[in-house]
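The values are calculated or read from the model by the stated rules, or taken from the named source; none is laboratory data. Everything numeric here is computed off the predicted structure, so don't read it as measured data. So basically every Cβ, Gly included, is an ideal-geometry build from the backbone, and we count neighbours across all protein chains shown. The protein model used for the area step is the full one, side chains on, heavy atoms only, and it has no ligands, DNA or RNA in it. Shrake-Rupley method; radii C 1.70, N 1.55, O 1.52, S 1.80 Å.
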Amino acid sequence: MDVFDAYEDDLEVIEIVEMGIPRQMYTRADHFYGLPELQFFQRFRLTKPTVLHLLTLIEERLEFPTDR
């Protein structure tokens, strides 16, 4: 390890101290559009039209703390 590598490592540590540890953002799987009807039913025990209907009934009560 030369001096330049050690300097870069120090800069990374300083950045983490100043800015905090970078957050990991994960992409959620979209099972509604990603799964065929049969696999969706096997996984959730509901058909896609039933899920859409249920969502219309409860959507006003859903709250999310952030817009992520």
note = Residue-normalised 222 nm signal for the chain, counting each DSSP H run of n ≥ 4 as -39,500 (n - 2.57), nearest 500 deg cm²/dmol, is -17500 deg cm²/dmol
message = Within the chain, what whole-number % of the accessible surface is contributed by carbon and sulfur, with the 1.4 Å probe and all protein chains included in the calculation?
response = 58
request  = Starting from the Cα-Cα distance between GLN42 and ILE14, subtract it from 0.36 nm times their residue separation and give me the gain in nm to one decimal.
outcome  = 5.1 nm
ask   = How about segment 15-46: which trypsin sites (Lys or Arg not before Pro) there lie in a loop by DSSP and see at most 10 other Cβ atoms within 10 Å?
value = ARG23, ARG28, ARG45
DSSP-assigned coil residues among GluC sites (Glu not before Pro) in segment 23-68, each with at most 13 further Cβ atoms within 10 Å = GLU63
ask   = What spacing in nm lies between the two simple spin-label points modelled at GLU60 and TYR26, each 7 Å away from Cα in the Cβ direction?
value = 3.4
